[in-house]
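The values are calculated or read from the model by the stated rules, or taken from the named source; none is laboratory data. Predicted, not measured: the structure shown is a model, and the values here were computed from it. Ideal geometry is used to build each Cβ from the backbone, glycine not excepted, and the neighbour counts take in all protein chains shown.
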Amino acid sequence: MKTTHLLYPSFLLAATPFAAFPQATPTRPNLVFIMADQFRGDALGCMQKEPVQTPNLDTLAREGILFTQAVSSYPVSSPARAMLMTGMYPTANGVTGNCNSQNTPYGVELSSEAVCWSDILKQAGYATAYIGKWHLDAPRPPYVDTYNNRGAVAWNEWCSPERRHGFEQWTAYGTYDNHLKPMYWNTEASREDFYYVDQWGPSYEADRAIDFIRTESKQSDHPFALVVSMNPPHTGYELVPDSFKQRYAHLDVEALAAQKPYIPPKGTPEGDYFRKHIRDYYACITGVDENIGRIIRTLKDCGIYHNTLIVFTSDHGVCMGGHNIEGKNTFYEEAMRIPMICCWPDKLHPQQSDLPVAFADLCPTMLSLMGMKDQIPSTVQVHDWSSNLLQQKIQTPEGAFQPYYYCVPSDPTSGRRGIRTSRYTYVVEIEKGKKTQTWLYDRTDDPSQLHNLAASHPELCDSLNQQLASWLEQTHDSFSTYLKP
């Protein structure tokens with residue numbers, strides 16, 4: 001793929017969606033793509049930065065590539081997921097905020113016309129399945145009768161078959177946070193025909209994934225692509241089985257908070273939020289890890305582990321009280337940094353890498369690794385890192401960066417844009433077309449991002465602003481006009 005920038009490919013690529021596909025053969029790899037929701041980049045045992053137990057993911061990291069600087073460019077659910085599926089940034093794919101009734105009037109949902117990587121795999125002969133959280137459809141009245149559609153804002157919506165982008169088997173929901181009694185629509189269900197499960201979400205979803213893998217592993221005439229999208233450790237932290245909670249019952253939360261300068265003190269609202277929820281957050285992660293381990297063991301038991309590309313990641317992290325923010329949708333590391341592991345024993349060399357892969361970059365990167373580089377849609381804007389991943393020792397390009405986005409669906413003249421380089425995080429806020437605030441953090445000297453250097457480093461800000469404006473122009477983002485002097 002030709003590039004016009006050190007890091008990113010051209011906006012328009014030569015490939016045409018759904019060009020003539022080569023016949024699928026058994027030598028093509030299977031794909032198992034597992035993502036958790038709101039899983040911080042440092043919250044892996046193998047990172048040795050948080051006291052969390054993830055033995056199965058630690059093993060996968062040793063057997064694959066562990067990306068220590070992976071990020072989510074728009075760290076909130078629907079925009080991140082839309083970028084992953086399409087390889088387009090928010091202003092191009094139209095998912096400029098979360099899919100909910102507040103944003104429905106502004107067309108915020110994944111277009112049925114978009115060409116997603118899953119569409120391409122289906123056209124190439126893959127058996128496909130999606131299990132778990134989707135959150136890419138706009139809720140419309142009469143709203144589906146679930147608890148999270150009965151308040152001032154409706155969140156949950158059915159995904160009709162023609163909007164599933166190539167996924168044949170479907171056990172999924174829009175967004176729903178009762179992890180101990182989750183709800184799903186299956187493949188043939190109508191909008192009203194959803195069902196509830198008296199089982200922790202990740203456990204039920206692993207069961208369905210295992211069933212799919214066992215069935216498809218017996219088929220020799222085609223490979224399969226499976227997505228397992230687990231909701232924990234998303235909010236609803238306390239909704240996790242007691243067996244996982246017990247592992248953190250004796251965690252010294254005060255000592256942990258003291259190690260994190262960005263956590264407010266005890267007795268403050270956000271400081272107490274962290275102290276209340278961190279044990280359950282870790283419990284959710286350990287529970288997710290256990291069920292991922294079950295899926296991976298099934299791949300090994302079925303004899304297909306070595307010809308399966310396994311990806312584990314998250315759509316974003318969470319601040320959980322850090323920087324006085326409970327959630328995500330911000331440029332701080334706790335929200336932007338995500339875990340990412342890519343494992344394919346027959347193809348990828350095990351290692352740790354500081355390559356700044358973004359969640360959305362997995363779209364073209366996976367297609368290329370799986371032999372479909374020529375089928376990457378012309379609409380893809382993000383970077384294909386496949387050639388880097390195939391290196392015996394991955395080299396990180398000098399000057400590599402990732403963009404940061406925060407959009408206002410009702411007002412394209414307001415929002416934030418930024419860039420995250422290997423050292424700096426630079427972000428500009430615009431309201432009604434006017435620059436209102438700038439942030440600059442030196443993450444080398446100030447890893448906790450406590451000191452905004454924008455006022456004291458105007459020349460560095462100017463340089464990064466030019467780089468950001470150039471990037472936005474290249475990706476056809478009109479926000480670039482508000483960054484010019």
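Only residues that are more than 21 Å from TYR143 (Cβ to Cβ) and within 14 Å of the chain's Cα centre (by Cα): list them for segment 91-102, please. Result: no residue meets the conditions.
The residues on offer are GLY201, GLY271, and the sole one that is under 21 Å from the mean Cα position of the chain (by Cα), modelled with pLDDT of 95 or more and in the same structural domain as GLN123 (by TED's automatic domain parsing) is GLY201.
Filter segment 276-287 down to the residues that are surrounded by 18 or more Cβ atoms within 10 Å (Cβ to Cβ) and either closer than 17 Å to HIS250 by Cα or touching a Cys at 6+ places or on another chain (Cβ under 7 Å) (or both) and list them by number. Those that are surrounded by 18 or more Cβ atoms within 10 Å (Cβ to Cβ) and either closer than 17 Å to HIS250 by Cα or touching a Cys at 6+ places or on another chain (Cβ under 7 Å) (or both): HIS277, ILE278, ARG279, ASP280, TYR281, TYR282, ALA283, CYS284, ILE285, THR286. In segment 353-369, the residues that are touching a residue at least 40 places away in the same chain (Cβ under 8 Å) and crowded, with 24+ Cβ neighbours inside 10 Å reach residues that are among the polar types (S, T, N, Q) and in a helix (DSSP H, G or I) with C-beta atoms within less than 6 angstrom, at least six apart or across chains, in these pairs: LEU369/SER386. Residue pairs whose Cβ atoms lie under 9 Å apart, separated by 6 or more positions or on different chains, with the first residue in segment 303-319 and closer than 14 Å to PHE359 by Cα and the second surrounded by fewer than 24 Cβ atoms within 10 Å (Cβ to Cβ) and hydroxyl-bearing (Ser, Thr, Tyr), are ASP315/SER229; GLY317/TYR332. Filtered by the rule that a residue be in a loop (DSSP other than H, G, I, E, B), touching a residue at least 24 places away in the same chain (Cβ under 8 Å) and within 26 Å of GLY87 (Cβ to Cβ), segment 414-445 gives THR421, SER422. Among residues of segment 145-160 that are of a type in the set (Ser, Thr, Tyr), those with a beta-carbon under 6 Å from a residue that is surrounded by 19 or more Cβ atoms within 10 Å (Cβ to Cβ) at least six positions away or on a different chain give the pairs THR146/ASN156.
Just for segment 211-266: of the residues that are of a type in the set (Ser, Thr, Tyr) and closer than 20 Å to GLY45 by Cβ, which one is surrounded by the fewest Cβ atoms within 10 Å (Cβ to Cβ)? Going through the qualifying residues, I end up with SER243. Among the residues making up segment 138-177, those that are of a type in the set (A, V, I, L, M, F, W, C), closer than 25 Å to ASP211 by Cβ and crowded, with 22+ Cβ neighbours inside 10 Å are CYS159, PHE167, ALA172.
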